[in-house]
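The structure under discussion appears below in the form of structure tokens.
The values are calculated or read from the model by the stated rules, or taken from the named source; none is laboratory data. The structure presented is a predicted model; accordingly, all values stated were derived computationally and were not measured. Glycine gets a Cβ as well: all are built from the backbone with ideal geometry, and neighbour counts include every protein chain shown. Quick note on the areas: whole protein, heavy atoms, side chains included, nothing else; ligands and nucleic acids left out. Shrake-Rupley method; radii C 1.70, N 1.55, O 1.52, S 1.80 Å.
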Amino acid sequence: MLGRRVAPGEGMYQDASELDSFYSSRLGEITRRLVLARIRALWPDVSDLRVAGLGYASPFLAVFRNEAERILALAPATQGAIRWPGEGRSRTCLIAEDALPLPDQSVDRVLLVHALEHCEARTAAMRELWRILTPSGRLVVVVAYRGGMWARADHTPFGHGSPFSERQINRLLKESMFTPRAAERAIYVPPSHRGLSLWSAPAWERVGRKWGLPWPGVLLVEAVKEVHGAIPVARRFRLQRLVAGPDRIQPARSGHGYGSLSITP
């Protein structure tokens, strides 16, 4: 069912268990593959790089596991988290977006998925991402496209929160001291569970990209960190307030065979 468009600033983070359920569905698997193909077009090789995902990025991070030096999934505390990966040492950490518990210049690549559409403190969150990225660091922002059908489909994660136009996301990046470099569009297939298959979805994608159809579900923008800016002293000081206290971090959810994740003081 198609839902109403959500006004800017109105959205809240979806629960991690709801996101996990979506990406475990047939439509979610189609979505993951189509978006991941465009992420790979922007980042064909992350060998020996440190990669972090912010929001609900774990469905897209697994492809880098045998390539990147290190991978970390940063899950907003108000969203909760699903333990990832399902086996071995967890790479998921609950955080507050405006006070990331990482050192300066400690990450080479950042992937944002299901993040900016819901984040209330966008400017502070983007400044924190600027801080943790290396001088040559890059990020890819994946957001619901304001003009697409998926932004109105509230049975998908892209129908929640505030969607973006390309102009809006580029303006946010520039104001946060990032230079947009490239843009991709994905998910031209209708947001419906009926009549879809992993075989027909690529055909929708090829037609949409070839003819430049104006209704993609998702916009991806890659940006590079600008190094001529400065981080305010107050923001750097606030990093010392770790975000792991039980009064600020809710327990992680569990589902689909994953264990739960929690962070202790």
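Remark: segment 107-195 carries 34 Å² of accessible area per residue (probe radius 1.4 Å; ligands, DNA and RNA excluded).
When each of the peptides 209-216, 187-194 is scored by how many other beta carbons lie within 10 Å of its residues on average, the order from highest to lowest is 187-194, 209-216. Our estimate of slack between S24 and V207, defined as 0.36 nm per intervening residue step minus the Cα-Cα distance, is 63.3 nm. A simple charge model with +1 on the Cβ of Lys and Arg, -1 on the Cβ of Asp and Glu and nothing else charged puts the dipole of segment 71-147 at about 180 debye relative to its Cα centre. Exposure check, 1.4 Å probe, all protein chains in place: E29 carries approximately 50 Å² of accessible surface. Looking only at segment 27-185, where both bridge partners belong to it, what percent of the DSSP beta bridges are antiparallel (to the nearest 5)? DSSP beta bridges in segment 27-185 are roughly 5 percent antiparallel. With the charge dipole of segment 107-231 set up from +1 on Lys and Arg Cβ and -1 on Asp and Glu Cβ about the Cα centre, the Cα lying farthest toward the positive end among the listed residues W150, L172, A201 is that of A201.
Please state the shape class of segment 81-144: rounded when a/c is under 1.5, otherwise prolate if a/b exceeds b/c and oblate if not, all from the C-alpha gyration tensor.
Cα axes put segment 81-144 in the oblate bin.
Assuming R0 = 35 Å, what is the FRET efficiency of R70 and E226, from their Cβ-Cβ distance, to the nearest 0.05? Efficiency, from the Cβ-Cβ distance: 0.90. For segment 111-168, the dipole from Cβ point charges (+1 on Lys and Arg, -1 on Asp and Glu) about the Cα centre works out to 200 debye, to the nearest 20. Of the peptides 66-75, 49-58, the order by per-residue mean of other Cβ atoms within 10 Å, starting with the highest, comes out as 49-58, 66-75. Charged side chains reduced to their Cβ positions (Lys and Arg at +1, Asp and Glu at -1) give segment 1-126 a dipole of some 400 debye around its Cα centre.
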